[in-house]
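Just so you know, all these numbers are worked out from the coordinates, no wet-lab data involved. Computed from a prediction, not measured in an experiment: that's the story for all the values here. Cβ: placed from backbone, ideal geometry, glycine included. Neighbour counts: every protein chain shown.
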């Protein structure tokens, strides 16, 4: 018989791994029909899924959840509910209409609010893919996104498809201080490579800090206040 | 340096004895990468000092290549603190100085070999960064409980009424980085506090963030600390190492990070009598 006493359940209540939200923000405007770009994008995302899953598996402290937004004339959720990366299947998108990138960022901002996002988690990854220039108020959409706690703390990446993509806008989305630049993809192979590269952003190695004299503690775990609370 | 004294020390209050239980579990991510734990924990007690307990969490930053050694030096520096009474700030100063001395001594015999330009630049600016770690320190004498904290992790006190609260909690940093004992301004970054014996908690919990990161809610660690105190008080028996080991294992599996904890049960005349009466 032992002198020690055991609790009947986990101290402090149930434990749970943190979520890492990965969001595709995809330009499906009419110009994406040219040169097979939209077909290449569909193929690229499907083919990059194993890379995304592999990167997610390397991040043992997180459950990676995937969503997708498309924008053309307006914006809508292509996959509204966050899906565990292992269950995520890509449904092809079609191209038509304008390039309402601002509406897409506004929609993503809504999706990153707390709630429905958890208060605790790893910083999300937002990947913006576009071949053109915004036809709506991009700056307002970006402002709404950055006004959310998770939006401001997200890792933001951009892929420029073709030579008409607005690199300045994409760089503004990424942030000028991040050290990242838009990735250029001018042909189907390059699109696949760029999408696959973006998928690795959920891996810890991608997310490690290497800045100046500040040292990374353990990971980029953040606690977000409820965005619906008045300030 | 931030220092807080939680009220005057009452001459009538004395801490009679302490029980220290520790656990350290390698994170599941580290196990998968076949890395050992970057955490360290240890305690000592002699004479007027009932216990000195230290918990350290070596930084994952790739430039901190000797992080585990740095964590071990935290434990060694804590154990080497002078036995005479110290204010919390003096304790922090002595602790940081001794840690630096150990690091510098090791560096002198084992120069760093940078693998890349980033590490080279960082180490030229501050070679101690290679040993970067957080540090949680708690020293208990008959008169007071003193705490020093540098970097992240939890320092939780459970009061006699069972309520738990975080002590010396730093402001969260937006860039994911942490304060470090390896920083040149470690003295400024150190948070310290003393609780007089008359107001001593019944339980102190020092834990690396591998625990807190395993929970979905911010107050879960506080609840865990309260439950541990109830377990100890209701049973009248010491908190078992197997209890903490199992808890640490669960946390390390879920968070992926190393999970290290020290639970310190503190008995004054009042709380000691309460525990024995059950």
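Before moving on, here are some points about what is shown:
- Degrees between helix B:220-235 axis and first principal axis of chain B (Cα, 0 to 90, nearest 10): 40 degrees
- R0 of 35 Å, Cβ-Cβ distance residue A:189-residue A:87: FRET efficiency to nearest 0.05: 0.80
- Spin-label pair residue B:166/residue A:152, simplified geometry with 7 Å Cα→Cβ offset, distance in nm: 1.8 nm
- Peptide B:230-240 has a mean shielding of 3, counted as Cβ atoms of other protein chains within 10 Å of each residue's Cβ.
- Computed over chain B with a Gaussian network model linking Cα atoms closer than 10 Å, the most mobile of B:154, B:143, B:61 is B:61.
- The slack between residue A:94 and residue A:80, meaning 0.36 nm per residue of separation minus the straight C-alpha distance, is 3.3 nm.
- Nearest-ten-degree value, helix B:67-79 long axis tilted from longest Cα axis of chain B: 40 degrees
- Gaussian network model of chain B, springs between alpha carbon atoms under 10 Å - residue of B:259, B:224, B:207 with greatest fluctuation: B:224
- Distance between modelled label sites at residue A:167 and residue A:35, nm, 7 Å Cα→Cβ extension: 1.4 nm
- FRET efficiency for the pair residue B:16 and residue B:106, taken as 1/(1 + (r/R0)^6) with r the Cβ-Cβ distance and R0 = 45 Å, rounds to 0.70.
- When both bridge partners sit in the protein assembly as shown, DSSP labels roughly 70% of those beta bridges antiparallel.
- Counting only DSSP beta bridges with both residues in segment B:1-155, the antiparallel share comes to about 100 percent.
- Springs between Cα atoms under 10 Å define the GNM used for chain B, and in it the highest mean-square fluctuation of B:77, B:263, B:122 occurs at B:122.
- Cβ-Cβ distance of residue B:120 and residue A:181, R₀ of 25 Å, FRET efficiency by 1/(1 + (r/R0)^6): the value works out to about 0.50.
- Taking a ≥ b ≥ c as the square roots of the Cα gyration tensor eigenvalues, the protein assembly as shown comes out prolate, since a/c reaches at least 1.5 and a/b is larger than b/c.
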